[in-house]
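Values quoted throughout were computed directly from the atomic coordinates according to the rules given, and no laboratory measurement underlies them. In this text, all values refer to a predicted model and were calculated from it rather than measured experimentally. Quick reminder, even Gly has a Cβ in these numbers, built from the backbone with ideal geometry, and neighbours come from all protein chains shown.
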Amino acid sequence: MVADSNILVRVENLKKYFPITRGWLFSRQVGTVKAVDDVSLDIRQGETLGVVGESGCGKSTTGRAILQLHKPTSWHVFFEDVDLTTLNAAELRALRPKMQMIFQDSVAALNPRHSVGKIIGEPLVIHNVGTAREVHERVIELMEMVGLKPAWIKRFPHEFSGGQRQRINIARALALNPNFIVCDEPISALDVSIQAQVVNLLKELQKQLGLTYLFIAHDLSMVRHISDRVAVMYLGKVMELANRNDLFRDPLHPYTQSLSSAVPVPMPKHERRRRRFILKGDPPSPSNPPSGCVFHTRCPLSVEMCVTTVPEFRELRPDHFVACHLTDTETGSKIPEQTVLASELT
Amino acid sequence: MAVVEQASKPSTVPQRRERTPLGDAIQQLLKNKLAVGSIIFITGLILSAILAGFLNGYFLQGFQAELDRTSQPAYAKQTLQDNNARPGEKSENPNLQGFVYWLGADNLGRDLWSRTLYGTRVSIAVALVAGTVSLIIGIAYGLISGYMGGRVDDLMMRVVDFLYGMPLLIVVILMQVYFKSLQRRGDESGLVNFILDIDKSMGGMFFIFVVLGALSWLSMARIARGQTLSIKQKEFVEAARATGVKPPRIIFRQILPNILGPCIVQETLQIPGYILTEAFLSFIGLGVNAPTPSWGIMINEAFQGLRSSPHALVPPAVALTLTVLAFNFLGDGLRDAFDPRLRRT
């Protein structure tokens, strides 16, 4: 990838393998779960990079590995051109304020024994930002910023609704003025009406504070709403990475085509005519991924080359990366119209 | 919220009761009548242990001067004319004219009311020492083991398993026999002397404390470890790590407050076990030394004279039963109060 001053985070060949061990005294490794296998991404200053994929495809692991919450197996992550892999614990801790995380489960993400003021103020105390009075003022400011009443500062997490708790999470993430926030499915556990509020809050904060997001989700329409670019993951690998509009209007990878065909259209006339490509079976186990292209077991178009050779992740069009052999062939990687129609399903 | 704001004064901040998780739990606990009764009973027990010098029969009935004259403590005052006195019987000793044995006297003519009262001291001391040792060592051990995980966790828990498997009763018997035989042979070294001195000054409770100290923290360590393992997975711990919080602060600020509730509940439920162990050791003659009253030793003495004076069995047995029940009820109440599944939000 080309070095670009505009790039905030660059991930190169990120791999995260979890060992499967047996026995406790003389434990031996009997296999590995390849949660994330060779992912390369770059995230540009001020953009939102959406990451979508099925459960267990390594979306969250990627996000956590970038923040070094999981120690990756092999990788390079450059944050503002600093290679995080070379830092020791203290140096990394000094960089922590610049990258934060918002979690999916807003209940689990807040310590039930701490008040809101304490939760939001904790990062400030850790990094010695000012006196107790200054911390208090900053907490009030943050609460107002995310739409919480400052009067609630002494309340405890269980007294809030899901949306409000997620706002507390956001306020905590913002406390130290980060540049980069990993949003790990921040809206998946919320009601649809609340989802929109939280997403719009995130968008507004991004505009105000110039934040960069890595937005992990499985709700495609929401990802389309918030992201500038979208990466599609399958079984620990990035299948396609492109501009939001390119990706949804003209998906090149068969997997992306199948995914985007699953998004319901809020217009009965069009919804009735929507084509759906239903994939057969479940994703294979990441402890025993298929050879070649990991998607070949479920791909309606797969040919022999897909079984034998791992497709290269390459820039097929400007700013449109895809990992599929078929994009080069004459037939192309488009799933033919007549494959499966929505009307045939019921 | 809107309703609250309307009801309150037009000031900006609505008045409301502070609701902390601990406050909620205490409120829940106070609704439990059995638990409240237990708290009152245990408080009374602790008070009577502290104030035994003023609540014993001799002091209350104005015979403190007689105790001072014979320089015998209330629990060891022997009046041979009054052996096996029935409850409510008057003393036949000319020096104790008008003294009433409220609960009777034992086979040596010792006032059972005073002895039961002083016996509280042993039980409370045991509960206190074993409880503190177990809470501090057990929680610290469990926290470290659970937080470190992996090999360290394996090793630390195997140590606990090993100690769990040791027959500690036999160890304490051997220890006492060993030290006492050394003393009898007269070739005790400085350390042996020192230990025996401590034991003597504690009325023979030292070895009980050693056993209970060694035994009590094991199950607490297991519980603290289990709780730590589950809390460690929570995302707020991860959030703290993402902020750059160092492990000690994570352990003490994030994890410890969350595991304390279940641990205290467990501790309360374990205390009856300590009291019973002490009573058992005293009953079989391995506990406190002769004049010191412990409920276990009193039950043993009463047991030997069961035919002639069955009433002597009642006071220590009732006291022991009520105490054990009170701690159990309190533990149950605490568990209900701290259990988030039963708590309204």
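Brief remarks follow.
- The relative contact order of chain B, computed from alpha carbon pairs under 8 Å that lie at least 6 residues apart in sequence, is 24 percent.
- Sorted by Cβ density within 10 Å, fewest first, the residues B:Asp197, A:Asp250: B:Asp197, A:Asp250
- Our Cα-only numbers for region B:81-234 put the radius of gyration and Dmax at 22.9, 73 Å.
- The charge dipole of the protein assembly as shown, taken about its Cα centre with unit charges on the Cβ atoms of Lys, Arg (+1), Asp and Glu (-1) only, comes to about 860 debye.
- Taking the square roots of 5 times each eigenvalue of the Cα gyration tensor of chain B, largest first, gives ellipsoid semi-axes of 46, 30, 16 Å.
- Summary of the geometry: region B:272-345 and region B:63-139, compared by the centres of their Cα atoms, lie 17 Å apart.
- When B:Met156, B:Met148, A:Met143 are sorted by how many other C-beta atoms sit within 10 angstrom of their C-beta, beginning with the fewest, the order is B:Met148, B:Met156, A:Met143.
- Distance distribution note for region A:6-76: the fraction of Cα pairs above 20 angstrom is 38%.
- Estimated inter-spin distance, B:Lys246 and A:Thr85, nm [label 7 Å along Cα→Cβ]: 2.8 nm
- Computed [θ] at 222 nm, helices only, for the protein assembly as shown once each DSSP H run of length n ≥ 4 contributes -39500 (n - 2.57): -15000 deg cm²/dmol
- Cα centre as origin, Lys/Arg/Asp/Glu Cβ charges: region A:42-145 dipole, Debye: 380 debye
- Direction-averaged projected area, Cα convex hull, chain A: 21.0 nm², rounded to one decimal.
- Backbone N under 18 Å from the A:Val30 label point (7 Å along Cα→Cβ), restricted to region A:278-307: A:285-289
- Between 0 and 90 degrees, the angle of helix B:314-338 with respect to the longest Cα principal axis of chain B falls at about 0 degrees.
- Förster radius 45 Å - calculated FRET efficiency between A:Arg133 and B:Val152 (Cβ-Cβ, nearest 0.05): 0.65
- Distance cut-off 33 Å, percentage of C-alpha pairs in the protein assembly as shown lying past it: 63 percent
- Positive-pole candidate from B:Phe194, B:Gly142, B:Gln176, dipole of region B:133-200, charges at beta carbon: B:Gln176
- Farthest positive-ward along region B:14-154 dipole, Cα basis, beta-carbon charges - from B:Tyr101, B:Ile46, B:Ala85: B:Ile46
- Residue-wise HN-Hα coupling along region B:260-270, computed from phi with Karplus coefficients 6.51, -1.76, 1.60 (Hz; x: Gly, Pro): 4, x, x, 5, 5, 4, 4, 4, 4, 6, 7
- For region A:200-283, the Rg and Dmax computed from alpha carbons only, in angstrom: 14.4, 44
- Intensity falloff of region A:244-316 expressed as log10 I(q)/I(0), Debye formula with alpha-carbon point scatterers, at q = 0.19, 0.21, 0.24, 0.28 Å⁻¹: -0.90, -1.03, -1.18, -1.33
- Region B:244-311 pair-distance distribution - Cα-Cα, 5 Å bins, rounded %: 4, 15, 14, 12, 11, 8, 7, 8, 7, 6, 4, 3, 1, 1, 0
- Global geometry of region B:205-345, whether rounded, prolate or oblate, following the gyration tensor of its Cα atoms and the 1.5 cut on a/c: prolate
- With the charge dipole of the protein assembly as shown set up from +1 on Lys and Arg Cβ and -1 on Asp and Glu Cβ about the Cα centre, the Cα lying farthest toward the positive end among the listed residues A:Ala323, B:Ile124, A:Leu176 is that of B:Ile124.
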